[in-house]
Amino acid sequence: MVKKVNKNFWFRRREGNVKSGWGFTPVNWKGWVTLILLVGVNVFAAQYFDVMNVSFVEVSKFLVVFFLSLVVFILIAKRKTEGVVGKK
């Protein structure tokens, strides 16, 4: 069964037997671009900060970028997800 997607939402809640947690599934191109940007930013940051060097400074810089990008993604996804996120 194909669900009709509201064009104002970029994500929908994950379906299935989800007891807790968030699940953001992209439903249009804007959601997919947001998800690809999250992955791209973190891959670029891992290469740029040379995480494999195992220097505390480089790893901590990467972790700051990683968590900031994750927080931004979650805020965007919560705002652009159909339905209430985090409540069942």
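One table, with the values for the structure above:
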item: Residue match in region 26-37 (condition: surrounded by 11 or more Cβ atoms within 10 Å (Cβ to Cβ), at pLDDT 85 or above, assigned to a helix (DSSP H, G or I) and polar (S, T, N, Q)); result: yes
item: Single residue of region 41-73 satisfying the filter (small (G, A, S) and at pLDDT below 90) that is farthest from W10 (Cα to Cα); result: S55
item: Check on K80, free of Cβ contacts under 8 Å to residues at least 60 places away in the same chain, in contact with a Phe, Trp or Tyr (Cβ under 9 Å, 6 or more places away or on another chain) and among the charged types (D, E, K, R); result: no
item: Qualifying residue in region 42-60 (condition: assigned to a helix (DSSP H, G or I) and under 14 Å from I74 (Cα atoms)); result: no
item: Filter result for I76 (surrounded by fewer than 13 Cβ atoms within 10 Å (Cβ to Cβ) and either modelled with pLDDT of 85 or more or outside any helix (DSSP H, G or I) (or both)); result: no
item: Residues of region 62-73 satisfying the condition of being of a type outside the set (S, T, N, Q), surrounded by 13 or more Cβ atoms within 10 Å (Cβ to Cβ) and closer than 18 Å to I36 by Cβ; result: V65, F66, L70, V72, F73
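The values are calculated or read from the model by the stated rules, or taken from the named source; none is laboratory data. The structure presented is a predicted model; accordingly, all values stated were derived computationally and were not measured. So basically every Cβ, Gly included, is an ideal-geometry build from the backbone, and we count neighbours across all protein chains shown.
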